[in-house]
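First up is the structure itself, then whatever we jot down about it.
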Amino acid sequence: MNFAQFPRRKYIHTPTPIEPMPALSKRLGKDVTLYVKRDDLLPGAGGGNKTRKLEFCIADAMEKKADTIITCGAVQSNHCRLTLAWAVKEGLDCHLVLEERVKGSYKKEASGNNFLFELMGVKSIAVVPGGTDMMGAMEKKAAELEAKGRHPYIIPGGASNAIGALGYVSCAAETMTQLNDMHLNIDHIVVPSGSAGTHAGMVVGMVGASSNIPVSGVNVSRKKDVQEEIVYKLALETAEKLGINTAIDRNAFVCFDQYVGPGYSIPTDAMVEAVKLFAQTESILLDPVYSGKTAAGLIDLIRKDHFTPGAKVLFLHTGGSPALYAYMDTFRK
Ligand SMILES: *Cc1c(COP(=O)(O)O)cnc(C)c1O
């Protein structure tokens, strides 16, 4: 796979570790061995998966001579934190449009990512109600800035277009190189499935590498069928952009939607248990919205004997721990 055909900023200089999780595997007491790919340790203030996508998205913006980045997300968005972080580092202005998906959830003085927006010097934050046309809201902001002589570039929510998803195709290639070096034969990979770039990119990359390792997604908001279609469509666009000729089978896209709970970003008991288990066995910090719910799914699938006995399962840890500090009451209850 040829990533050098696209503009790319190099933010990642070494592969993120793949580590065994012996204490957690033992605690679960099943015949499954767990490993973790530590994308929570990626560079970029606070770490997490969006840095891989932003290598391509910010490079595209800079190639198009942008001086300003506009992006969007939820009120505690990791994607907004990392987009802001890399924009600052590149000397670009950054404006955020935040969607209040849970009514009343935006608090100007909130901790977590919200505090980091302020700390890293965001140029403006516009908060809009849940269900708003986010692209429309960002285009409006872009028009305002253009009228003032700026050159804005819009990065979609989660940086999940075919440009951003390249970052996770590249992660799949990196993962295969590591697994071969470690002589580690993984049977299954479990990833969060949100705005879909991570999941789509991983599947495309695994197909592109002819790895035959299935990748399953755990949803954080949508229903199974809807999410699978979104991931599939983005995967096709990404594969086409890269020029991958191998056919991509619709059946390669599997999502679990039983772990969302009442809705996006709303805590569940299983998420709280998973976050505590990871913290208290492996000293790994998950987050309440993505990696916590994904880990809850992973743990439940193991308990239900979803994987074949003896399976080696790799959990892709996408980061997000700064959001924990906005949810302390949930964990202390
Ligand atoms: C954005 C995000 C995800 C989801 O990745 P998508 O590419 O949007 O599906 C998972 N974990 C964390 C911590 C995130 O910030």
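The values are calculated or read from the model by the stated rules, or taken from the named source; none is laboratory data. Bear in mind the structure is a predicted one, so any value in this text is a computation, not a measurement. Every residue, glycine among them, receives a Cβ derived from its backbone with ideal geometry; neighbour counts consider all protein chains shown.
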Selected residue (criterion: farthest from Arg222 (Cα to Cα)) from residues of region 171-188 that are more than 12 Å from the ligand (Cβ to nearest atom) and surrounded by 23 or more Cβ atoms within 10 Å (Cβ to Cβ): Thr175
Single match in Met62, Met1 (criterion: buried (at least 16 other Cβ atoms within 10 Å of the Cβ), at pLDDT below 95 and more than 12 Å from the ligand (Cβ to nearest atom)): Met1
Total residues in region 81-98, condition in contact with a Ser or Thr (Cβ under 8 Å, 6 or more places away or on another chain), in contact (Cβ under 8 Å) with a residue 40 or more places away in the chain and closer than 24 Å to Leu286 by Cα: 2
Output for region 118-132, where each listed residue is assigned to a loop (DSSP other than H, G, I, E, B) and of a type in the set (A, V, I, L, M): Met120, Val122
Matching option when the condition is surrounded by fewer than 17 Cβ atoms within 10 Å (Cβ to Cβ) and assigned by TED's automatic domain parsing to the domain that holds Val36, among Lys293, Lys233: Lys233
Positions within region 10-29 being part of a loop (DSSP other than H, G, I, E, B), among the hydroxyl-bearing types (Ser, Thr, Tyr) and surrounded by 13 or more Cβ atoms within 10 Å (Cβ to Cβ), in sequence order: Tyr11, Thr16
The listed residue being within 16 Å of the ligand (Cβ to nearest atom) and more than 17 Å from the chain's Cα centre (by Cα), out of Gly263, Gly297: Gly263
Members of region 283-333 that are farther than 24 Å from Tyr168 by Cα and among the basic types (Lys, Arg): Arg303, Lys304, Arg332, Lys333
Region 166-206, residues that are part of a loop (DSSP other than H, G, I, E, B) and touching a residue at least 40 places away in the same chain (Cβ under 8 Å): Leu184, Asn185, Ile186, Asp187, Gly194, Ser195
